[in-house]
1. Roughly what angle does helix 16-46 make with the longest principal axis of the chain, taking Cα atoms, 0 to 90 degrees, to the nearest 10?
2. Run the quick spin-label model on residue 71 and residue 43: label points 7 Å from Cα toward the beta carbon, then report their separation in nm to one decimal.
3. Placing +1 on the Cβ of each Lys and Arg and -1 on the Cβ of each Asp and Glu in the chain, which of 54, 70, 33 has its Cα farthest towards the positive end of the resulting dipole?
4. Compute the helix-to-body angle for 57-71: its Cα long axis versus the longest principal axis of the chain, expressed 0 to 90° and rounded to tens.
5. When the C-alpha atoms of the stretch 15-71 are aligned to their principal axes, what extent does each axis show, in angstrom, from largest down?
6. Please give the length that would be gained between residue 14 and residue 55 if that part of the chain were fully extended, namely 0.36 nm times their separation in residues minus their C-alpha to C-alpha distance (nm, one decimal).
Amino acid sequence: MSEEQAPATARQPLEPAAADAVRAYAARTRENADRLAAVLEDIATHGLPPAEECTPWEDLREQHLARLVAQRPAVA
């Protein structure tokens, strides 16, 4: 992402509802990034947890796919 910002005259203003949605998305993204950073810092400090205490990635994938299917309306 470029550090340079376009001149103010070149920007198209957002509707208030759209601006609020973008801010909410930014907040969720920041929260997720902070959560990931905390996990990585914990791993760096304390090491990896024992494999017996971890959930296999295949199980996590299947749980996530099931959530996605539940959110998506059925197509006839």
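Coordinate-derived values only; no laboratory data. These numbers come from a predicted model, not from an experiment. Cβ: placed from backbone, ideal geometry, glycine included. Neighbour counts: every protein chain shown.
1. 30 degrees
2. 2.3 nm
3. 70
4. 50 degrees
5. 50, 33, 9
6. Values: separation 41, 0.36 × 41 = 14.76 nm, distance 4.24 nm.
Length gained, residue 14 through residue 55: 10.5 nm.
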